[in-house]
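Here is the structure we will look at, set down as structure tokens.
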Amino acid sequence: DIVRSDIALDKQKGCKIAQHPDIMLELQREKAAQMHLVLLKEQFSNTYSNLTLTARSLDKLYNFADCSGLHLIFALNALRRNPNNSWNSSNALSLLKYSASKKYNISWELGNEPNNYRTLIGRSVNGSQLGKDYIQLRSLLQLIRTYSRANLYGPNIGRPRKNVIALLEGFMKVAGSTVDAVTWQHYYIDGRVAKVTDFLKTRLLDTLSDQIRKIQKVVNTYTPGKKIWLEGVGVTAAGGMNNLSDSYAAGFLWLNTLGLLASQGIDVVVRHSFLDHGHNHLVDQNFNPLPDYWLSLLYKRLIGPKVLAIHVAGLQRKPRPGRGLRAPSLPFARSPLPSHNYVRGSITLYIINLHRSRKKIKLAGTLRDKIVHQYLLQPYGKDGLHSR
């Protein structure tokens, strides 16, 4: 019956809501839990098994994205290599032709965190070679009418340490003009040592600013004005930590990420992940929303595209020797979306309070006598910062 239900779902026209039997959802949760254990075992043993993506599983993935109103960016396998270490594109070409036959609207990437390939498979790919691989992929896309104008993103590097910056420089020299946006990933904390108090440290929040400057410096050297995306972000690396990166406490870093990137002109942030592996996701295995889901939803509904400059009195205190300024709150101001009954000229102001006590905020000047709609987000129940 479960198999028949699954087949019937694939044959549905449009995006109707399928009525799954309860046992099917239970099996899906069990499978997700088993896969999580497999991924953890592979990660810590540093040995990885091959995984074949079938046409049927690609259909399901695309249908999920399409019916959810999302756009799918597909990262092709960059680890299929010829003896001379160039990219073997034969498998990718088959996938591109199949997707084109289905008229799937997809953007493309090649690989994920190429700076880690030596650790993963004992075979490294330098920046210039990766750039050549991207040029090869762009040529493939131009051969297929459906994807001749498809967007291409990359190189999706990890944290911009010295060796990663060198890889990015090599890539930008060769293929900087080939990609529609330069992408990188950021994780705030080493998942194996995170404590709940780590989430409240301003020096931790500031690590993202340093990374943005490093990426912008390289990109603007080779392709001034090229878009930059943060295409992988999570509170902690290695899949996150249970009851920490999926808790209320993680929201401080998530909101800081969204506000800081917007102020730097980076207008796309891709979150790791929606469901399944690790603890950085937005819904739990019972499909219940976690705190960051509600933050994301509220942000989407109240925050518009224009970033506003803001000055807060009382934050410009003299720092102690050897220490930076420690602000009691981190403020961001944006223009709200006009679709939620807010008149032109309204302002959305959101403030992250990193102290353990309540703080009073006074609006000055022309904002003094304005009507305020306040959304006060607090942890539910007795779990405090660990609340989910």
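Residues in the stretch 78-129 that are open to solvent by 40 Å² or more (accessible area, probe 1.4 Å), touching a Phe, Trp or Tyr at 6+ places or on another chain (Cβ under 8 Å) and in a loop (DSSP other than H, G, I, E, B): LEU79, ARG80, LYS102, ARG123, SER124. Scanning the stretch 139-189 for residues that are more than 17 Å from the chain's Cα centre (by Cα) and within 30 Å of ASP246 (Cβ to Cβ) yields ARG161, VAL164. The sole residue among ALA92, ALA65 that is under 21 Å from ASP180 (Cβ atoms), under 21 Å from the mean Cα position of the chain (by Cα) and not basic (Lys, Arg) is ALA65. The C-beta contact set for the stretch 20-33 (first residue farther than 10 Å from GLN285 by Cα, second residue of a type in the set (Ser, Thr, Tyr) and surrounded by 12 or more Cβ atoms within 10 Å (Cβ to Cβ), distance under 7 angstrom, 6+ apart or interchain) comprises HIS20/SER5; PRO21/SER5; MET24/SER5. The residues in the stretch 46-67 that are among the polar types (S, T, N, Q), more than 19 Å from LEU79 (Cα to Cα) and open to solvent by 60 Å² or more (accessible area, probe 1.4 Å) can be counted, and the count is 1. Residues in the stretch 134-181 that are of a type in the set (Ser, Thr, Tyr) and in contact (Cβ under 8 Å) with a residue 60 or more places away in the chain: TYR153 only. Within the stretch 232-274, which residues are assigned to a loop (DSSP other than H, G, I, E, B), open to solvent by 20 Å² or more (accessible area, probe 1.4 Å), among the hydrophobic types (A, V, I, L, M, F, W, C) and closer than 18 Å to LYS300 by Cβ? Residues satisfying the conditions are VAL268, PHE274.
Do we find that SER57 is at pLDDT 80 or above and more than 24 Å from the chain's Cα centre (by Cα) in this structure? Against the criterion (at pLDDT 80 or above and more than 24 Å from the chain's Cα centre (by Cα)), SER57 does not qualify.
Among the residues making up the stretch 216-231, those that are out of contact with any strand residue (DSSP E or B) (no Cβ under 9 Å at 6 or more places or on another chain) and in a loop (DSSP other than H, G, I, E, B) are PRO224, GLY225. Residues that are open to solvent by less than 30 Å² (accessible area, probe 1.4 Å), closer than 25 Å to GLY234 by Cα, part of a helix (DSSP H, G or I) and at pLDDT 65 or above: does the stretch 302-321 have at least one? For the stretch 302-321, residues open to solvent by less than 30 Å² (accessible area, probe 1.4 Å), closer than 25 Å to GLY234 by Cα, part of a helix (DSSP H, G or I) and at pLDDT 65 or above: present. Scanning the stretch 216-231 for residues that are under 25 Å from LEU302 (Cβ atoms) and among the hydrophobic types (A, V, I, L, M, F, W, C), we see that the one that is least open to solvent (accessible area, probe 1.4 Å) is LEU230. Screening the stretch 286-301 for residues that are in contact with a Leu (Cβ under 9 Å, 6 or more places away or on another chain) and surrounded by fewer than 16 Cβ atoms within 10 Å (Cβ to Cβ) and picking the one that is modelled with the lowest pLDDT gives ASN286. Counting only residues that are basic (Lys, Arg), over 16 Å from ASN50 (Cβ atoms) and modelled with pLDDT under 95, how many does the stretch 74-101 have? Going through the stretch 74-101 one residue at a time, the tally reaches 0.
Looking across the stretch 182-224 at every residue that is among the small types (Gly, Ala, Ser) and touching a Ser or Thr at 6+ places or on another chain (Cβ under 8 Å), the one that is modelled with the highest pLDDT is identified as ALA194.
The values are calculated or read from the model by the stated rules, or taken from the named source; none is laboratory data. All values derive from a computational prediction rather than experimental measurement. Here the Cβ is made from the backbone with ideal geometry for all residues, glycine too, and neighbour counts use every protein chain on show. Side chains included, ligands, DNA and RNA excluded: accessible areas come from the protein's heavy atoms. Shrake-Rupley method; radii C 1.70, N 1.55, O 1.52, S 1.80 Å.
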